[in-house]
Amino acid sequence: EDLFFGEEPSMATRLWTSGWDFFAPTKVLGYHLWTRKHRPVFREHASDEQRQRETRSQQQVRELLGEIETKAHGGLELGCKRSLAEYESFSGVS
């Protein structure tokens with residue numbers, strides 16, 4: 001629902017286990033200005049409600065990735081083409 005840090009591993013895991021392949025270009029194709037020194041970060045203005053939504057979203061990703069045992073992932077599901085263990089082996093991350 002409200003996730004900033006953690007969306008990439010969640011999406012990558014769900015896409016890869018659904019059969020999508022990943023490729024890394026050998027040349028820079030785009031650029032992302034990560035620094036926020038020139039403008040305020042939206043997180044600096046977060047309300048208690050927004051922080052609670054983010055905490056719930058982070059919990060759902062932890063559940064999805066097997067860090068926490070549960071039967072429900074808040075609507076998030078892994079694909080059925082490849083397993084989470086295969087993704088961990090492929091990515092080198094567990």
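The values are calculated or read from the model by the stated rules, or taken from the named source; none is laboratory data. Note that this is a predicted model, so its numbers are computed, not measured. Every residue, glycine as well, gets a Cβ built from its backbone with ideal geometry; the counts of neighbours run over all protein chains shown. Protein only, heavy atoms only, side chains kept; ligands, DNA and RNA dropped before computing areas. Shrake-Rupley method; radii C 1.70, N 1.55, O 1.52, S 1.80 Å.
Tabulated data for the structure shown
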{"quantity": "From ARG53, ARG39, residue being outside any helix (DSSP H, G or I) and over 30 Å from SER89 (Cβ atoms)", "calculated": "ARG39"}
{"quantity": "Qualifying residues in segment 78-90 (those that are in a loop (DSSP other than H, G, I, E, B) and either among the small types (Gly, Ala, Ser) or farther than 10 Å from LEU65 by Cα (or both)) - the one most open to solvent (accessible area, probe 1.4 Å)", "calculated": "LYS81"}
{"quantity": "Residue check for VAL28: at pLDDT below 75 and farther than 21 Å from SER94 by Cβ", "calculated": "no"}
{"quantity": "Answer residue from segment 1-27, given it is of a type in the set (Phe, Trp, Tyr) and in contact with a Lys or Arg (Cβ under 9 Å, 6 or more places away or on another chain) and is farthest from ARG82 (Cα to Cα) among those", "calculated": "PHE4"}
